[in-house]
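Engineer: Please see the structure below; I have some questions.
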Amino acid sequence: MNKITWKPSPNFSSRNGAKVTHIIIHVTQGNTPGCVNWLCNPKAKASAHYVITKKGEIFQLVKLVDKAWHVLRANSFTIGIEHEGFIADPKLITKEMWNNSIELTTSLCKQFNIPTENIMGHNDPFLKQYGNNHQDPGPYWNMNKYRNDVSYLLKHESTKSVHKIDQAGLEFLKSNEGIRLRIYDDATGYDLPFFSVPEGNASIGIGHVCNWTERALYSNGITEEKALQLLENDLKNLECNLNNLIKVELNQNQWNSLVSFAFNIGLGSFASSTLLKLLNERNIKRAANQFHRWKFTTINGKKVISSGLMKRRDRELELFNA
């Protein structure tokens, strides 16, 4: 499966504790750039968790702990996956798109314990009771084959464990991140009004990256309880993606170390890193040597070595090798 590119949409809301039980297959009725741009536009009042291109590229727009707005009253218990194309096109499906969609859905079924019969198209009769009457994914999407392919992978894929950070790892991450109850510039560490922080640098709590909606929402600061809640949600999303990206077994110390590392550099950077490539090639020693390559921060448009990041990489490497 290709790396997942994070493209945050402001169109989401809380699941309010609802359990994820279904995966919904959509077709974009357009090309990917247009679809992603629209679903990231507040005026759309719509979104999906993922968009997959005909080339098999995967964009994530909404964190899995949140509900995307794609199936009206069924949003709270579903994950939405959009696929590039038109329902009337006989060449809708490409090999790359299909295979990566199957792998993504398989990993989600495993992560959330979703039965394959709960994988359905947006046009499934089950969804009509929640106000849905769409026609996608259309006549050229073989839903039975899709479910069967997912079932096959679930039965025959590696029995690799689903990893999760433990309490020691959580304390390790919190000590690395620290806690800030007002919005700050992650590059410089300075407290700043939400409107003056450069895009992508606004953080609050325990390393939580703020989107534009949150910059306004948290402009007067947050409580420690809210900071811990944001961290819990961030880790759920991060660990789900890390479990998909990492193909080898790890011990608990290695997992805790990599969660801290990926939390710091970002999921997209980790997904394209040489460290991950070497790790999945089972070249653990060379992968460990990659930690200290990630020692730079950007200030005023220039990359500079950060002594703080150097020390953090030291701690993460020591834990990884423990």
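Since every read-out is calculated from the coordinates, none of them should be taken as a lab result. Computed from a prediction, not measured in an experiment: that's the story for all the values here.
Engineer: Using Cα pairs under 8 angstrom and six or more residues apart, how large is the relative contact order of the chain, in percent?
Structural biologist: 15
Engineer: Rounded, prolate or oblate for region 1-127? Axes are the square roots of the Cα gyration tensor eigenvalues, ordered a ≥ b ≥ c, and the cut-off for rounded is a/c under 1.5. Walk me through the numbers on the way to the answer.
Structural biologist: Values: a/c = 1.41, a/b = 1.15, b/c = 1.23.
Here region 1-127 falls in the rounded category.
Engineer: Here's another thing I want to ask about it. Can you list residues from other chains, or at least 5 along the same chain, whose modelled amide H is less than 5 Å from the amide H of VAL27?
Structural biologist: HN-HN under 5 Å from VAL27: HIS83.
Engineer: Oh, and also: For a quick check: with amide H placed at 1.01 Å from N, whose amide H comes under 5 Å from LEU181's, ignoring anything fewer than 5 positions away on the same chain?
Structural biologist: Here GLY205 satisfy the definition.
Engineer: For Cα pairs less than 8 Å apart in space and 6+ apart in sequence, what is the mean separation divided by the residue count of region 29-121, i.e. the relative contact order in percent?
Structural biologist: Rounded, it is 27 percent for region 29-121.
Engineer: Any chance you could give the angle, 0 to 90 degrees and rounded to 10, that helix 143-156 forms with the longest Cα principal axis of the chain?
Structural biologist: That helix lies at roughly 50 degrees to the long axis.
Engineer: Once the cut-off is 18 Å, how many percent of the Cα-Cα pairs in region 167-321 end up in the long-distance tail?
Structural biologist: Numbers: 7039 of 11935 pairs.
In whole percent, the share of Cα-Cα pairs in region 167-321 beyond 18 Å is 59.
Engineer: Calculate, in whole percent, how much of the Cα-Cα pair population of region 99-223 lies beyond 19 Å.
Structural biologist: On the way: 5153 of 7750 pairs.
The answer is 66 percent, as a whole percent.
Engineer: Can you give the convex hull volume of the alpha carbon atoms of region 19-63 per residue, in Å³?
Structural biologist: 91
Engineer: Compute the convex hull volume of the Cα atoms of region 213-281, divide it by the residue count, and report the result per residue in Å³ as a whole number.
Structural biologist: Once divided by residue count, the hull of region 213-281 is 100 Å³.
Engineer: Report the dimensions of the chain along its three principal axes from the alpha-carbon atoms, largest first, rounded to Å.
Structural biologist: So the three principal-axis extents are 57, 45, 35 Å.
Engineer: I need the shape label for region 52-153. Rule: rounded when a/c is under 1.5, else prolate if a/b > b/c, else oblate, with a, b, c from the alpha carbon gyration tensor.
Structural biologist: Rounded shape, in that the Cα axes give a/c under 1.5.
Engineer: What is the helix-to-structure angle for 95-112, meaning the angle in degrees between its Cα long axis and the longest Cα principal axis of the chain, kept from 0 to 90 and rounded to the nearest 10?
Structural biologist: Between the helix axis and the principal axis of the chain, the angle is about 70 degrees.
Engineer: Just to check I understand the Karplus step: with θ = phi - 60° and J = 6.51 cos²θ - 1.76 cosθ + 1.60, what whole-Hz values come out for region 304-311, glycine and proline as x?
Structural biologist: 9, 6, 9, 5, x, 5, 4, 5
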